[in-house]
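Undergrad: Next up is a structure, given as structure tokens.
The values are calculated or read from the model by the stated rules, or taken from the named source; none is laboratory data. Computed from a predicted model, the values in this text were never measured in an experiment. Every residue, glycine as well, gets a Cβ built from its backbone with ideal geometry; the counts of neighbours run over all protein chains shown.
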Amino acid sequence: VATNAVLTPLAERPERADGIAPAAHPGGRLLEGRRILVTGVLTKHSLAYGAAERMQELGAEVVLTGHGRSRRMTERAATMLPERPEVLELDVLEPEDFESLAAALSDRWDSLDGVFHSIAWMPRDVWRDGFFNASQESLDETLRASVFSFKSLTGALRPLLRRSPQGASLVTLTVMGGRHSRWYAWMGVAKAMLDAVTKQMAVELAPERIRVNGIASGAVRTNAATGIPDFDRLEALFVDKAPLGWDARDTSVLAGPASFLMSDLARSMTGEILHVDGGFHAVL
Ligand SMILES: NC(=O)c1ccc[n+]([C@@H]2O[C@H](COP(=O)([O-])OP(=O)(O)OC[C@H]3O[C@@H](n4cnc5c(N)ncnc54)[C@H](O)[C@@H]3O)[C@@H](O)[C@H]2O)c1
């Protein structure tokens, strides 16, 4: 199989042949004045970090969430963003955290324009013990953290979201669906359910002008991904097969599409799953 060239991150690309340098951050002030809650920033390499960074560059006001002991890591990553955002507590396995987050955000903002949901987790035995042997308790936790958290977060923030002047936008992160993947196993099942939740919420919330979309990402080297056994071979699949090529080290790859979905440019889009995978999903 021929290996495609690895994509060069935009910031490192040479000037165009016509001498015009590519804009560092195309999009101007696309998200000027938007207030966006970004979950899932653990480190500078989290997919949510790239999204938060680009959203700030495009003019959005951003608040992050972090949880428990790892919140210190989120606080550290926050200091590296263009503007240091506030970090609020949200452990999606703690039901009361959703309401306290909503209360903390209401103290700060009278409306909310966007939520970036970038959270997935499963206990170790779900990976380790095989599809039929993982405990029911662990499977319940996997779904609570990776699927129901999107619904619970949205439910708690709904009063703020429905006050967004232009209509709010929710974005979650998923994987290419519709196929078996030995890498994802129960996480693949969880993501299929997350896609269904995305579409259901899109319909439920449309009367309140709240849009709900997902991004199906290719394999990126983040903390969560490198915990997947045999991740190197999954990465190699994308590098080999994606028509546009694929750089699994580019953790900012979703930043543009996520910002677009948050913006008014996507005002007629809801219930959609955008693939950001170098075109991998389109080839056999
Ligand atoms: N990296 C990839 O290849 C890839 C591909 C497709 C989809 N995704 C999805 O992207 C999302 C973000 O993952 P990532 O790859 O940036 O890895 P990451 O490890 O940087 O982010 C995962 C986040 O989930 C958070 N989290 C876990 N348990 C939590 C809890 N109980 N309460 C609150 N937050 C909790 C972690 O703190 C972390 O910030 C996940 O939904 C993941 O499934 C990743």
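Each row is one residue, and each column tells you yes or no for (1) within 23 Å of Leu161 (Cα to Cα); (2) within 14 Å of the ligand (Cβ to nearest atom).
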residue	(1), (2)
Val41	yes, yes
Glu61	yes, no
Arg72	no, yes
Glu75	no, yes
Leu93	yes, yes
Glu96	yes, yes
Leu105	yes, no
Val115	yes, yes
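Per-residue answers, yes or no, for (1) out of contact with any strand residue (DSSP E or B) (no Cβ under 8 Å at 6 or more places or on another chain); (2) within 14 Å of the ligand (Cβ to nearest atom); (3) in contact (Cβ under 8 Å) with a residue 24 or more places away in the chain:
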{"site": "Ala190", "(1), (2), (3)": "yes, yes, yes"}
{"site": "Met193", "(1), (2), (3)": "yes, yes, yes"}
{"site": "Ala202", "(1), (2), (3)": "no, no, yes"}
{"site": "Gly218", "(1), (2), (3)": "no, yes, yes"}
{"site": "Thr222", "(1), (2), (3)": "yes, yes, yes"}
{"site": "Ala225", "(1), (2), (3)": "yes, yes, no"}
{"site": "Asp230", "(1), (2), (3)": "yes, yes, yes"}
{"site": "Leu234", "(1), (2), (3)": "yes, yes, yes"}
{"site": "Val239", "(1), (2), (3)": "yes, yes, yes"}
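Undergrad: Quick one: is Asp91 modelled with pLDDT of 95 or more, part of a loop (DSSP other than H, G, I, E, B) and touching a His at 6+ places or on another chain (Cβ under 6 Å)?
TA: It is true that Asp91 is modelled with pLDDT of 95 or more, part of a loop (DSSP other than H, G, I, E, B) and touching a His at 6+ places or on another chain (Cβ under 6 Å).
Undergrad: If only one of Arg249, Arg221, Arg233 is over 26 Å from Ala196 (Cβ atoms), among the basic types (Lys, Arg) and part of a helix (DSSP H, G or I), which one is it?
TA: Arg233 is the lone residue from the list that is over 26 Å from Ala196 (Cβ atoms), among the basic types (Lys, Arg) and part of a helix (DSSP H, G or I).
Undergrad: Oh, and also: Quick check, is Ala120 within 16 Å of the ligand (Cβ to nearest atom) and more than 30 Å from Arg182 (Cβ to Cβ)?
TA: Taking the combined requirement at face value, the residue does not satisfy it.
Undergrad: Do we find a residue being more than 20 Å from Ser259 (Cβ to Cβ), under 20 Å from the mean Cα position of the chain (by Cα) and among the charged types (D, E, K, R) anywhere in region 105-121?
TA: no
Undergrad: Right, here's the next one. Can you tell me which of Thr174, Thr251, Thr198 is touching a residue at least 60 places away in the same chain (Cβ under 8 Å), touching a Gly at 6+ places or on another chain (Cβ under 6 Å) and within 23 Å of Gly59 (Cα to Cα)?
TA: None of the other options fit; the residue is Thr251.
Undergrad: With the condition kept exactly as written, say whether any residue in region 254-264 is surrounded by fewer than 19 Cβ atoms within 10 Å (Cβ to Cβ) and either closer than 30 Å to Leu139 by Cα or more than 15 Å from the chain's Cα centre (by Cα) (or both).
TA: Within region 254-264, one or more residues are surrounded by fewer than 19 Cβ atoms within 10 Å (Cβ to Cβ) and either closer than 30 Å to Leu139 by Cα or more than 15 Å from the chain's Cα centre (by Cα) (or both).
Undergrad: Across region 204-245, what is the number of residues that are hydrophobic (A, V, I, L, M, F, W, C) and more than 18 Å from the chain's Cα centre (by Cα)?
TA: Of the residues in region 204-245, 10 are hydrophobic (A, V, I, L, M, F, W, C) and more than 18 Å from the chain's Cα centre (by Cα).
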